[in-house]
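All remarks here apply to the structure that follows.
Readers should treat all values here as calculations from the given coordinates under stated rules, not as data from a laboratory. Quantities reported herein were computed from a predicted structural model and do not represent experimental measurements. Heads up, the Cβs are rebuilt from the backbone with ideal geometry, glycines too, and the neighbour counts pull from every protein chain shown.
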Amino acid sequence: MDKESLYNQIGGAQTINRLVHAFYPKVYAHPVLRPLFPDGVDEIRAKQYLFLTQFTGGPTLYTDKYGFGNMKSIHEQFRISPSHADAWLTCMREAMDEIELQGYPRQLLFQMMTNAANRFVNTPEE
């Protein structure tokens with residue numbers, strides 16, 4: 001793991017944990033997003049922690065547990081519109097604000113998340 005990785009720049013495991021815990025209450029409270037997450041928050045929060053750790057250049061926790069997977073194909077089971085992606089990004093931005101993630105590492109992480117969220121869009125607006 002590179003000490004200059006985004007994972008280390010944002011504060012590693014502690015920051016990822018804080019971000020995920022700030023993020024999911026916002027998702028579950030959001031009227032556009034809540035229907036996409038019918039199951040309990042614990043499993044999805046744990047998966048997001050593993051994924052974000054690896055996504056930011058930290059340990060390969062996600063693939064160690066779940067193997068290699070194409071995140072786009074994993075999300076194809078859900079109808080994700082541009083409004084869903086925008087709502088998800090709004091919740092993530094608010095979570096970053098809440099934990100006071102700042103500076104270039106925040107900008108880079110948010111851009112990476114924006115790119116990912118837009119790749120998962122698979123349904124036009126209804």
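Electrostatic bookkeeping for Glu125 treats Lys and Arg as +1 and Asp and Glu as -1; over the other residues with beta carbon under 12 Å from its beta carbon, the sum is -1. For Ile80, the residues whose modelled amide H falls within less than 5 Å of its own, excluding neighbours fewer than 5 places apart on the same chain, are Asn122, Thr123.
So what is the 222 nm mean residue ellipticity for the chain from helices alone, if each DSSP H run of at least 4 adds -39500 (n - 2.57) and you divide by all residues, rounding to the nearest 500 deg cm²/dmol?
On the way: 7 runs with 83 residues, N = 126.
Only helices count here, giving -20500 deg cm²/dmol.
For the stretch 6-119, the equivalent ellipsoid derived from the Cα gyration tensor has semi-axes of 20, 17, 14 Å, listed largest first.
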